[in-house]
Structure formats: structure tokens, C-alpha cells
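A.B. asks: Could you have a look at this structure, given as C-alpha cells, before my questions?
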Amino acid sequence: MEPIVLNGSTLTLETLRQVAYERRPVELEPQALERAAQARQVLFDMAAEGKPVYGLNRGVGWNKDKEFDPEFFETYNRNLINSHSLGIRPYCSVEEVRAMMCIRLNTALCGCTGISTEILTMYKEFLNRGIHPRVLQRGSIGEGDISTLSLIGQTMIGSGEVEYKGEIVSSTQAMSAEGIPPALLGPKDGLSIVSSNAQGEALAAVLVYEVRQLLDEADAVFCLSLEGLNGGLQPLGEKVNALRKLSGQQRRAARCRAFLEGSYLEQPDPARALQDPLSFRCASGVHGSVQDTLEFVERHLELQLNATDDNPCIFVDEGTTSVSQNFETTTLALGVEMLSAALNHMSKCICYRLIHLADPAFTGLTRFLTPAEVKTIAYGTIQKVFTVLDAENRMLANPSSMDFIAVAGSIEDHASNLPLAAAKARRIVENLRYMLGIEAMHAAQAVDLRGNPQLGRVTGPVYTALRREVPYLNADRNLSLDIEKAYRFIQEGRLLQAIQSAEQG
């Protein structure tokens, strides 16, 4: 696989995904490395002149006014990494850690950091040789992920554990196997390793990838539900949505029209309701809201992937540094929380569609989609499962960006909690996979009870693929097993494969 060349300015979410998930190798642009070296020289020059620089010849946090001798650089930077290693379980996934290292490497190549080029090369070697530090997920408040990214620094100096060739081993064992000596830390190296938003941004990037997939999956399941309901297609019309001028709404409505092409719903039916409940009628609009908020997050995240978040910030052209607020991530954290709120609207719509699909007043079918009235209970009690997931989603969407306490002697009296916001949003996505699985079960059952009418160009193959996993409910059985099968159908990508195959065929 051809390496992606990192230069501090052209990293995209897609190339980051390839590095994280497909293990695409990276290379460093020579000009970017030269900028990084020039920034480091600025630090050496300032240190030689005795000028005070935060993290160079002055302490950090509450120790910002403490001076130390240049000979203390190695010990001080090692102490900084050791003292900041404070995360708690669970551990981040290999993909998340790869994204963190790639992001930190790219932002350091902006040339405002002062980190040694040897350590930049070590980031590259870790990525390309599959040495993945064990990074604890919880502990950062989002103003530079100093208490969790320090664990990457631990492995670079020969402490801590890594995932290497599928096993958890000491970092020294993995580095020795690859011929990589432990890092020797110089001026500001410790602070440059730990002071970055790479963890929060990596978690936000993974969230973006997951929501992108979820939108197509949610569209497909909703469309199958619409066929189970015998619902109306007019709200999906191109002209009526164009008049509203909301790009997300138009985009998701167009996807739904494509999924339902050729469906029996395109034919008139006097039994069909003039207007469906809003959870059906406005579904593509709600999904459009998720689309719009997702694009907000994508736009601001890509900006941050290619910009320095260092404090102090080095100005190579002026040969000096500036105190910086560039580690501030409130905009991105608020975007993630907005996305969580939008996903909760999706969650509520799923719940109400499920309630309506079980109600003969809306479907004209049997109560709880039973195959035999009285004899079989079918989908009655399952309502407790998806409603409690919805309640959990509401809890997870509660904003946490405002929940901070002043720390470090009250010097650090603001925070964004970006890693927490992103982690909670991903838990919502996970719950939605279960909920969409339950909705797909209902939708397929309703289609069966209608006598298997002609389904859409995409919904037909989706129905067939689902039925290979979860058979028709012809008698009461342990529905926990069906829920898990439907969830795996979504979580393991088979629903997405069915959609893509149908569109290509």
C-alpha cells in the first residue's frame, strides 16, 4: 500500500481512516521535517539566551514559574511523562491509538511545536511497524489530553505496554524486536508528546466514521419499515424537499427514494393513509439533521487535524514563542454534543415507529405483529428493551462540555471534555445499532404479514439478507437471540454490504 505523506496541512478524515483501520503506512514530507527542526532550533536559541519558555526552562501547570537547569532536560521531561500518566480503564482500541499517533504526528509537522525530529520519526516507525501503545481511555478533560497521551510517551522511553503482532508486550520488547532504541528526551519533548488533543480528535474521527455508516443503515431500515407500514412516499419527493432547502434533508430523502425504487408503495392503494405519523413522515428529515450536524463535526475536525494545538506556540520566522490557547477544543466538543442530540431524535423516531408497527390501528395488521392472535404474544414485551435503550441514549446525550472543575492550582479553570463527549456519542451509536436491529425485525415481520409484496431495489435485498440471519417469527421464542443476531447483522457490516451490493447490482 502506498504511504500517505504527512506534512501538517493535508491530512483528511479518509486518509486518517486508512492509517487507523487499514494500517496504511506514513512518510514524513522533508520540508515539514525541516520546519520542525527549525522550530526546535528556536527553542535551543532561546534556552541559550536564558529566556523563559513554558515547558522548556520553566515548569508546567502550577509549576510554571519554577526554573531548572538545562542539564535537567532529560530527567525533567521523563518526570513530566511519568507524572502525567494518569488514565483509567478501559483501554483505547488499536484503531483509536493509531489515529491518535497519526494526528499528533501531523499536527507536530505544522512546525510550531519544537519536538525533536527523532521523536517524530519514532511516531512514524511505531505506526509503520505496528507498535501500538496501550492507552487508557478515561482521564483527559480535553484541554490537551495530557493524562492519556502521556502513555504513548511512556512507551517511547521504554516503559509501559504495547500491542505488537497481536500480543500485549512491554514496549522495550517490541522496540528491541524492531531495532528501535528508546527515546532520549530533550527540551520540551515531554510537553510536546503529552500536550495535544489527539485523543479527543481520534475518538471524534472514529465517531464520524461510525455515524456515516449508521445513516445509510438507518435509511434502509426506515424504508423497510415504511413498506411494513404501507406508508406514503410523498414526503420523500424531490420537489417538496427542495423547497425546504435543507441539504441534509434533501440528501437523505434522495437516498430513501433510491432505496425504495420499484417498491409496491409506488402504486396507489385506497387503504393507505393520507398522512403517516411524524416518525415515518419526517424520518428522512431527522436523518438529515444528523447529516447536517455530522458535516459540522467533519469540517471542524479536519481543520484541527491540520493545525497546531501547542502551547507555547513557536514562531519560526520571528525566532520566538507565544503563549497559546490553541489547545482549546470547545467548538468541536459542542459539535459532538450537537451530533449526540441529533442521534437522540433518531432514537425517538425509531421507538415510535416500532410502537406504530405493533399497532393494528396504523398497520391494519395483527397486534404486536403476531402470526396468530391470542396463541402467540410476538413483539409485545420487546418494547421494554428499545425504550430503555432510548432512555440511556437521552442520558448519554446530556452535555458534559460544561462539567469541569478548576485544576492545577486553578490555572486550568476551563475544559471541553471532548474525549468524554465523543465516547458517550459512540455509546449512543452502539445502542442505535441494537434499536435499528429491533426495527428491522419488526419491519420484516410486517412485510411477511402483508404477503411479501414487491419491495424496493435496495429494501428487497436488505430484507433477504436479514431473513438469512433472523427468520420469520412463527411462534414465540427467545427474542434476545434474535435481537443479538439483528445487531450483529448491522454491527459486523452485513447490512451495509447488502445496501452496497444492491446499489452496484
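A.B. asks: If I ask for residues that are of a type in the set (Asp, Glu) and either crowded, with 24+ Cβ neighbours inside 10 Å or not in a helix (DSSP H, G or I) (or both), which ones from region 438-461 would you list?
C.D. replies: Start the filter on region 438-461 by keeping residues that are of a type in the set (Asp, Glu), which leaves 439, 448.
Glu439 - this is the single residue of region 438-461 that is of a type in the set (Asp, Glu) and either crowded, with 24+ Cβ neighbours inside 10 Å or not in a helix (DSSP H, G or I) (or both).
A.B. asks: Continuing with this model, one more query. What number of residues within region 73-92 satisfy the criterion of being more than 21 Å from Leu203 (Cβ to Cβ) and within 24 Å of the chain's Cα centre (by Cα)?
C.D. replies: Of all residues in region 73-92, those more than 21 Å from Leu203 (Cβ to Cβ) come to 73-83.
Pick out the ones that are also within 24 Å of the chain's Cα centre (by Cα) and you get none.
Residues flagged as more than 21 Å from Leu203 (Cβ to Cβ) and within 24 Å of the chain's Cα centre (by Cα) within region 73-92 amount to 0.
A.B. asks: Ok, one more. For Phe296, are the conditions met, namely being among the aromatic types (Phe, Trp, Tyr), open to solvent by 10 Å² or more (accessible area, probe 1.4 Å) and not in a strand (DSSP E or B)?
C.D. replies: Numbers: among the aromatic types (Phe, Trp, Tyr): yes; open to solvent by 10 Å² or more (accessible area, probe 1.4 Å): yes; not in a strand (DSSP E or B): yes.
Against the criterion (among the aromatic types (Phe, Trp, Tyr), open to solvent by 10 Å² or more (accessible area, probe 1.4 Å) and not in a strand (DSSP E or B)), Phe296 qualifies.
A.B. asks: Return the residues of region 109-132 that are over 30 Å from Asp317 (Cα atoms) and buried (at least 19 other Cβ atoms within 10 Å of the Cβ); say none if nothing qualifies. Please lay out each step first, then the result.
C.D. replies: Taking region 109-132 first, the residues over 30 Å from Asp317 (Cα atoms) are 126-132.
If the condition is that a residue be over 30 Å from Asp317 (Cα atoms) and buried (at least 19 other Cβ atoms within 10 Å of the Cβ), then Phe126, Leu127, Ile131, His132 are the ones that fit.
A.B. asks: Under 7 Å by Cβ, and 6 or more places apart or on different chains, what pairs join a residue from region 257-278 that is among the hydroxyl-bearing types (Ser, Thr, Tyr) with one that is in a loop (DSSP other than H, G, I, E, B)?
C.D. replies: From region 257-278, the pairs are Ser263/Gln454; Ser263/Leu455; Ser263/Gly456; Tyr264/Pro453; Tyr264/Gln454.
A.B. asks: Would you pick out the residues in region 311-325 that are surrounded by 19 or more Cβ atoms within 10 Å (Cβ to Cβ) and either among the polar types (S, T, N, Q) or over 18 Å from Glu34 (Cα atoms) (or both)?
C.D. replies: Kept after step one, since they are surrounded by 19 or more Cβ atoms within 10 Å (Cβ to Cβ), are these residues of region 311-325: 311-314, 321.
Matches in region 311-325: Asn311, Pro312, Thr321.
A.B. asks: Here's something else I'd like to know. Is one or more of the residues making up region 253-268 in contact with a helix residue (DSSP H, G or I) (Cβ under 9 Å, 6 or more places away or on another chain), of a type in the set (Asp, Glu) and either farther than 23 Å from Asp359 by Cα or open to solvent by 10 Å² or more (accessible area, probe 1.4 Å) (or both)?
C.D. replies: Here is the first cut: in region 253-268, the ones in contact with a helix residue (DSSP H, G or I) (Cβ under 9 Å, 6 or more places away or on another chain) are 253-260, 262-265.
Filter once more, so that each one left must be of a type in the set (Asp, Glu): none.
Within region 253-268 (the criterion being in contact with a helix residue (DSSP H, G or I) (Cβ under 9 Å, 6 or more places away or on another chain), of a type in the set (Asp, Glu) and either farther than 23 Å from Asp359 by Cα or open to solvent by 10 Å² or more (accessible area, probe 1.4 Å) (or both)), the answer is no, since none of the residues qualifies.
A.B. asks: So which residues in region 197-227 are of a type in the set (S, T, N, Q) and farther than 30 Å from Ile103 by Cβ, if there are any at all? Don't jump to the end; show me each part of the working.
C.D. replies: Initial filter on region 197-227 (of a type in the set (S, T, N, Q)): 197, 199, 213, 225.
The one that is of a type in the set (S, T, N, Q) and farther than 30 Å from Ile103 by Cβ: Ser225.
A.B. asks: Can we say Ile377 is open to solvent by 10 Å² or more (accessible area, probe 1.4 Å) and either out of contact with any Leu (no Cβ under 7 Å at 6 or more places or on another chain) or modelled with pLDDT of 95 or more (or both)? Show your work before the answer.
C.D. replies: Details: open to solvent by 10 Å² or more (accessible area, probe 1.4 Å): yes; either out of contact with any Leu (no Cβ under 7 Å at 6 or more places or on another chain) or modelled with pLDDT of 95 or more (or both): yes.
Yes: the conditions hold for Ile377.
A.B. asks: Using the structure shown, decide if Gly493 is touching a helix residue (DSSP H, G or I) at 6+ places or on another chain (Cβ under 9 Å), modelled with pLDDT of 95 or more and at positive phi. Outline the logic, then answer.
C.D. replies: Values: touching a helix residue (DSSP H, G or I) at 6+ places or on another chain (Cβ under 9 Å): yes; modelled with pLDDT of 95 or more: yes; at positive phi: yes.
When the stated conditions are applied, Gly493 passes them.
A.B. asks: Among the residues of region 414-425, write down those that are open to solvent by 20 Å² or more (accessible area, probe 1.4 Å) and either more than 30 Å from Leu343 (Cα to Cα) or in contact with a Phe, Trp or Tyr (Cβ under 7 Å, 6 or more places away or on another chain) (or both).
C.D. replies: Across region 414-425, the qualifying residue is only His414.
A.B. asks: Then there is this: Just to check your reading of the model, which residue among Thr376, Thr387, Thr331 is more than 22 Å from Val429 (Cα to Cα) and either not aromatic (Phe, Trp, Tyr) or not in a helix (DSSP H, G or I) (or both)?
C.D. replies: Values: Thr387 fails: more than 22 Å from Val429 (Cα to Cα); Thr331 fails: more than 22 Å from Val429 (Cα to Cα).
Exactly one of Thr376, Thr387, Thr331 is more than 22 Å from Val429 (Cα to Cα) and either not aromatic (Phe, Trp, Tyr) or not in a helix (DSSP H, G or I) (or both), namely Thr376.
Residue by residue, here is whether (1) modelled with pLDDT of 95 or more; (2) part of a strand (DSSP E or B); (3) of a type in the set (S, T, N, Q) holds:
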| site | (1), (2), (3) |
| --- | --- |
| Val19 | yes, no, no |
| Asp45 | no, no, no |
| Leu56 | no, no, no |
| Asn82 | no, no, yes |
| Ala99 | yes, no, no |
| Thr121 | yes, no, yes |
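A.B. asks: Could you tell me whether Ile411 is under 30 Å from Thr330 (Cα atoms), of a type in the set (A, V, I, L, M) and surrounded by fewer than 21 Cβ atoms within 10 Å (Cβ to Cβ)? Spell out how you get there, then give the answer.
C.D. replies: Working: under 30 Å from Thr330 (Cα atoms): yes; of a type in the set (A, V, I, L, M): yes; surrounded by fewer than 21 Cβ atoms within 10 Å (Cβ to Cβ): yes.
Considered against the rule, which asks whether it is under 30 Å from Thr330 (Cα atoms), of a type in the set (A, V, I, L, M) and surrounded by fewer than 21 Cβ atoms within 10 Å (Cβ to Cβ), Ile411 comes out as yes.
A.B. asks: Between residues in region 10-26 that are in contact (Cβ under 8 Å) with a residue 24 or more places away in the chain and closer than 13 Å to Phe126 by Cβ and residues that are part of a helix (DSSP H, G or I) and among the polar types (S, T, N, Q), which pairs lie under 6 Å by C-beta distance while being six or more apart or on different chains?
C.D. replies: Pro25/Asn128
A.B. asks: Which is farther than 23 Å from Tyr91 by Cα and not hydroxyl-bearing (Ser, Thr, Tyr), of Glu492, Glu439?
C.D. replies: Working: Glu492 fails: farther than 23 Å from Tyr91 by Cα.
Just a single option satisfies the conditions, and that option is Glu439.
A.B. asks: Which one is surrounded by the most Cβ atoms within 10 Å (Cβ to Cβ), of the residues in region 299-310 that are among the hydrophobic types (A, V, I, L, M, F, W, C) and part of a helix (DSSP H, G or I)? Before the answer, list the steps.
C.D. replies: Within region 299-310, the first condition is being among the hydrophobic types (A, V, I, L, M, F, W, C), and the residues that meet it are 301, 303, 305, 307.
Checking the rest, the ones that are also part of a helix (DSSP H, G or I) come to 301, 303, 305.
Values: Leu301: 23, Leu303: 11, Leu305: 26.
Filtering first and then ranking leaves Leu305.
A.B. asks: Among the candidates Glu14, Glu34, which residue alone is open to solvent by 80 Å² or more (accessible area, probe 1.4 Å) and part of a helix (DSSP H, G or I)?
C.D. replies: On the way: Glu14 fails: open to solvent by 80 Å² or more (accessible area, probe 1.4 Å).
Just a single option satisfies the conditions, and that option is Glu34.
A.B. asks: Consider Ala204 against the criteria (1) more than 25 Å from His300 (Cα to Cα); (2) open to solvent by less than 40 Å² (accessible area, probe 1.4 Å); (3) aliphatic (A, V, I, L, M): it satisfies all of them except one. Which criterion is unmet?
C.D. replies: (1)
A.B. asks: So how many residues does region 462-505 have that are open to solvent by 50 Å² or more (accessible area, probe 1.4 Å) and in a helix (DSSP H, G or I)? Give the steps one after another, and end with the answer.
C.D. replies: Taking region 462-505 and keeping what is open to solvent by 50 Å² or more (accessible area, probe 1.4 Å), we get 464, 468-469, 471-472, 474, 476-478, 480-481, 484-485, 488, 491-492, 494, 497, 500-501, 503-505.
Applying the additional criterion that residues be in a helix (DSSP H, G or I) yields 464, 468-469, 480-481, 484-485, 488, 491, 494, 497, 500-501, 503-504.
Counting residues in region 462-505 that are open to solvent by 50 Å² or more (accessible area, probe 1.4 Å) and in a helix (DSSP H, G or I) gives 15.
A.B. asks: Can you pull out every residue in region 327-337 that is crowded, with 20+ Cβ neighbours inside 10 Å and either more than 16 Å from the chain's Cα centre (by Cα) or farther than 22 Å from Leu6 by Cβ (or both)?
C.D. replies: Taking region 327-337 first, the residues crowded, with 20+ Cβ neighbours inside 10 Å are 329, 332-333, 335-337.
The answer is Ala333, Gly335, Val336, Glu337.
A.B. asks: Considering only region 390-408, state which residues are open to solvent by 70 Å² or more (accessible area, probe 1.4 Å), within 24 Å of Leu432 (Cα to Cα) and assigned to a loop (DSSP other than H, G, I, E, B). Please lay out each step first, then the result.
C.D. replies: Of the residues in region 390-408, the ones open to solvent by 70 Å² or more (accessible area, probe 1.4 Å) are 394-395, 398, 402-405.
Among the residues that remain, those that are also within 24 Å of Leu432 (Cα to Cα) are: 394-395, 398.
Scanning region 390-408 gives a single hit, Asn398.
A.B. asks: Check every one of the helices (runs of 4 or more DSSP H) wholly within region 186-274 and list those with 1 or more residues that are closer than 30 Å to Thr308 by Cα. Talk me through it step by step, then tell me what you get.
C.D. replies: Numbers: elements: 189-194, 198-229, 238-244, 247-259.
Passing ranges, in order: 189-194, 198-229.
A.B. asks: Going by the structure shown, is Ile141 modelled with pLDDT under 95, part of a loop (DSSP other than H, G, I, E, B) and of a type in the set (A, V, I, L, M)? Can you show your working first?
C.D. replies: Details: modelled with pLDDT under 95: yes; part of a loop (DSSP other than H, G, I, E, B): yes; of a type in the set (A, V, I, L, M): yes.
The answer is yes for Ile141.
The values are calculated or read from the model by the stated rules, or taken from the named source; none is laboratory data. Everything numeric in this text was worked out from a predicted model, so none of it was measured. Cβ sites come from the backbone with ideal geometry, for glycine too, and all protein chains shown count toward neighbours. SASA here: full protein model, heavy atoms, side chains in, ligands and nucleic acids out. Shrake-Rupley method; radii C 1.70, N 1.55, O 1.52, S 1.80 Å.
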